[in-house]
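The values are calculated or read from the model by the stated rules, or taken from the named source; none is laboratory data. For clarity, every value in this text was computed on a predicted model and none was experimentally measured. In this analysis, Cβ positions are derived from the backbone assuming ideal geometry, glycine residues included, and neighbour counts consider all displayed protein chains. Areas reflect the complete protein model, heavy atoms only, side chains present, ligands, DNA and RNA absent. Shrake-Rupley method; radii C 1.70, N 1.55, O 1.52, S 1.80 Å.
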Amino acid sequence: ISLDLGAAKAALPSGLVHVHGFPIELFRRTAMVDHVRVTLDGRSRVGEIDGLGIYKTAEATVKILLVGPADKPRVELTSEPPMDKQQILAMLLYGKSPSELDADQSATVGNAENALTGGAFGLGSLYLFASTPIEHVGYDPATKSYSVKLRIPGGAEVLTLRTHKPD
């Protein structure tokens, strides 16, 4: 981690927080955080985030970009070779292509895509979901609320989380 921060008396800090690359487990698979930078401008308590995670398989390389305000970052998914968002999510969540998923898994991929597009997931929930096996994602775009069933590692228990994301 590199810090280059400064603040005048009674002012908010300004500068850069830079987290350098490191391996991480995302969606039960080994990935690499290329970088995470948070820029603080001294006028706001919320910094701007620029992050890149990379997940490689024999078939594709997926890039997970986090951009925008740190409290509500946009998640952008790209791949090489190019795949649509559903294909990328199916690979990240289940290690399969959409055509190999059962009905529940397909619904989860579709709901996860809608929740990402709708901005329902915050940075904390993204990390939680990426580090815990997901059984199901439900999403209501009208209320921007979602529910997630997580399989707790080491056991057969399933934990259900529900949240409402206010406008």
Candidate set: the range 105-135, residues that are touching a helix residue (DSSP H, G or I) at 6+ places or on another chain (Cβ under 9 Å), open to solvent by 40 Å² or more (accessible area, probe 1.4 Å) and closer than 28 Å to Pro23 by Cβ; chosen: the one modelled with the highest pLDDT: Glu113
Residue under evaluation Arg74, criteria (1) buried (at least 19 other Cβ atoms within 10 Å of the Cβ); (2) in contact (Cβ under 8 Å) with a residue 40 or more places away in the chain, criterion not met: (1)
Residues being open to solvent by 50 Å² or more (accessible area, probe 1.4 Å) and in a helix (DSSP H, G or I) - total across the range 77-104: 7
Filter pass, Tyr55 being aromatic (Phe, Trp, Tyr) and at pLDDT below 85: no
Tally of residues being in contact (Cβ under 8 Å) with a residue 12 or more places away in the chain and not in a strand (DSSP E or B) across the range 15-58: 9
Residues of the range 10-53 that turn out to be farther than 30 Å from Gly95 by Cβ and open to solvent by 80 Å² or more (accessible area, probe 1.4 Å), as a count: 4
